[in-house]
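Peer 1: Structure below; questions to follow.
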Amino acid sequence: MAQRISGAYRLITIPSIYKGLMFSLGADRAMSRYVNDVLQPKAGMKMLDVGCGPANVLAYLPPIDYTGIDLNEKHIAYAREVYGDRGRFIVGNVAHGLKQEERAFHLINVSGVLHHLGDDEAAALFRSLKPLLKDDGKLITLDPVWLSGQHTIAKLFNWLDSGMNIRTQEGTLDC
Ligand SMILES: C[S@@+](CC[C@H](N)C(=O)[O-])C[C@H]1O[C@@H](n2cnc3c(N)ncnc32)[C@H](O)[C@@H]1O
């Protein structure tokens, strides 16, 4: 993984701090728009949330069969405490942890994860996720990106992000 984890960056591995930071940056409004306009989940769907963190997205979802997976056990413990039986929360690497779930999911969400991964890791992640999707299932990603003419504040947030692989709009992955 290509990310900063020392000094102040260690703080965002703590769920309550991560959640507070996201809230202060207006991520709650952005998440609500992302869910309603892009993910468009329907009640009863089976959804996998890869790199779910503290599972913030659950606050915006209808009743849904939700599975969140994350490498960080503190985020998963927090998600279990806050959301209890609203979902299944797994500590693990999605590339290894969900083999038995073949073609199970209507929707796979990968938000805020790719910019922590190098190209090879990101391509391997997509390859491991493809067999988990139903034939008509959708995989949707959301990540920061570098744009020409981007507002200085947006650039500043990108510079400060712990993920070290923020891509350009033209960036492509060979999966
Ligand atoms: C910036 S957080 C995003 C959290 C959440 N998706 C959101 O949008 O708020 C990225 C998370 O991805 C997790 N992660 C990265 N690669 C992963 C992998 N291969 N399997 C599971 N979790 C992963 C990290 O532990 C981290 O909690």
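Peer 1: Taking the Cβ of residue 54 as the center, what net charge do the other residues with Cβ under 14 Å away carry, scoring Lys and Arg +1 and Asp and Glu -1?
Peer 2: Result for the neighbourhood of residue 54: -1.
Peer 1: Residue by residue, what Karplus-based ³J(HN,Hα) values in Hz, rounded to whole numbers, does the range 43-51 have, using 6.51, -1.76 and 1.60 with θ = phi - 60° and x for Gly and Pro?
Peer 2: Working through the residues one at a time gives 3, x, 4, 9, 10, 10, 10, 8, x Hz.
Peer 1: Here's something else I'd like to know. What residues qualify as long-range amide H neighbours of residue 167, i.e. H under 5 Å apart, gap of 5 or more or another chain, H built at 1.01 Å from N?
Peer 2: 146
Peer 1: A follow-up question, please. Could you calculate the contour length gain from residue 153 to residue 43, that is, 0.36 nm times the residue separation minus the distance between their Cα atoms, to one decimal place in nm?
Peer 2: Contour length minus Cα-Cα distance gives 35.9 nm.
Peer 1: Given the chain, what percent of its DSSP beta bridges are antiparallel, to the nearest 5?
Peer 2: 5 percent
Peer 1: Hey, can you grab everything whose amide H is under 5 Å from the amide H of residue 142? Only 5+ residues off in sequence or another chain; H modelled, so Pro and N-termini drop out.
Peer 2: Here the answer is 110, 111, 112, 113, since their amide H atoms fall under 5 Å of that of residue 142.
Peer 1: Tell me the label-point distance for the pair residue 81, residue 124, using the 7 Å Cα-to-Cβ offset, in nm and rounded to one decimal.
Peer 2: 3.2 nm
Peer 1: Could I ask something else about it? Using a 10 Å Cβ count of at most 12 others and DSSP loop calls, identify the longest part of the chain lacking such GluC sites (Glu not before Pro).
Peer 2: Looking at the chain, 1-101 is the longest stretch - no exposed GluC sites (Glu not before Pro) with at most 12 other Cβ atoms within 10 Å.
Peer 1: Here is a follow-up. Using the Cα atoms as the points, what is the convex hull volume per residue of the range 7-168 in Å³?
Peer 2: Convex hull of Cα atoms, per residue: 122 Å³.
Peer 1: Right, here's the next one. Multiplying the sequence separation of residue 99 and residue 169 by 0.36 nm and subtracting their Cα-Cα distance, what value in nm do you get?
Peer 2: 22.0 nm
Peer 1: As I understand it, the dipole of the chain uses +1 on the Cβ of Lys and Arg and -1 on the Cβ of Asp and Glu, about the Cα centre. Which of 106, 139, 21 lies farthest toward its positive end?
Peer 2: 21
Peer 1: Can you give the log10 of the normalised intensity I(q)/I(0) at q = 0.12, 0.16 Å⁻¹, computed with Debye over equal Cα scatterers of the range 79-175?
Peer 2: Computed log10 I(q)/I(0) values: -0.50, -0.83.
Peer 1: Something else now. Is there a quick way to get the dipole size of the chain? I mean about its Cα centre, with the Cβ of Lys and Arg at +1 and of Asp and Glu at -1; what is the value in debye to the nearest 20?
Peer 2: Computed about the Cα centre, the dipole is about 320 debye.
Peer 1: Taking Cα pairs under 8 Å and at least six residues apart, what relative contact order does the chain come out at, in percent?
Peer 2: 23 percent
Peer 1: Can you work out the Karplus-derived ³J(HN,Hα) for every residue in the range 31-40? Use 6.51 cos²θ - 1.76 cosθ + 1.60 with θ = phi - 60°, whole Hz, and x for glycine or proline.
Peer 2: Each residue's phi maps through the Karplus curve to give 5, 4, 5, 4, 5, 6, 8, 10, 5, 6 Hz.
Peer 1: If you plug each phi of the range 131-136 into the Karplus form 6.51 cos²θ - 1.76 cosθ + 1.60 with θ = phi - 60°, what whole-Hz ³J(HN,Hα) values come out, in order, with x for Gly and Pro?
Peer 2: My calculation for the range 131-136 gives x, 8, 7, 4, 4, 9 Hz in order.
Peer 1: List the lysines whose Cα sits under 26 Å from the Cα of residue 155, skipping any in the same chain fewer than 8 residues away.
Peer 2: 19
Values in this text are rule-based calculations from the coordinates and carry no lab data. This structure is a prediction, so every number in the text was calculated from the model and none was measured. All Cβ positions, even for glycine, are placed from backbone atoms using ideal geometry, and neighbour counts span all protein chains on display.
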